[in-house]
Every structure is written in structure tokens, then in C-alpha cells.
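Student: Here it is, the structure, as C-alpha cells.
The values are calculated or read from the model by the stated rules, or taken from the named source; none is laboratory data. Quick caveat: nothing in here was measured; it's all calculated off a predicted structure. Methodologically, a virtual Cβ is constructed for each residue, glycine included, from the backbone with ideal geometry; neighbour enumeration extends over all protein chains shown.
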Amino acid sequence: MTSAKARTEPREGLWHALTPCFRYALLRRALETARQQQTLVTDEASAVEALGECPQLVTGRRDNLKITHPDDLALAAAIMAAQAANTPGRL
């Protein structure tokens, strides 16, 4: 049995993806179809792509973070405070 060696992934061609958003009915159908067909999907976008759909890519901000863990709340508060400090007259 061979094991894969850990290495740094080349950066060219990589991009940062934010959490995808889909209409509920489409996402439900995609996930149910993947389950029924035992299709391996890694996230919501890959499930929708497995249906033959092409999710639209849109530009997002890196400071639009996903709140997943309790520590993310402190980071979000710090980002919001910095944004408020850099925007005069804005609460």
C-alpha cells in the first residue's frame, strides 16, 4: 500500500470560494439525486453540478466570512469594528 506524500499545492489556478447559495428546491433535488445515485459530492455546488447545472460564479469579499465556530464570532466582530472605524458617519 502506498501513501500519498504531503506537499504544498501549487497556487496558480486556485481560487477562494465562499459558501454557495442555491434555491431550496434545486438544492434539495441535487442532494436527493446524489444520494439515490450514490454520487460522491463534496459540497452543495458539486451536488448541483452533478445534476448538469452550472452554478454562477460571482465576486465576493474575503471579509464576508462564514460563522461556523464560536471563534468566528470574535473575528466577525473585529472585522465589523474595523469597517465601522474606516467609514465615517456610519454605525
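Student: In region 13-50, which residues are assigned to a loop (DSSP other than H, G, I, E, B) and at pLDDT 90 or above?
Tutor: Phe22, Arg23, Gln37, Gln38, Thr39, Leu40, Val41, Thr42, Asp43
Student: When you check Ala76 against the structure, is it out of contact with any helix residue (DSSP H, G or I) (no Cβ under 7 Å at 6 or more places or on another chain) and not basic (Lys, Arg), yes or no?
Tutor: Yes; evaluated as a whole, the condition is true for this residue.
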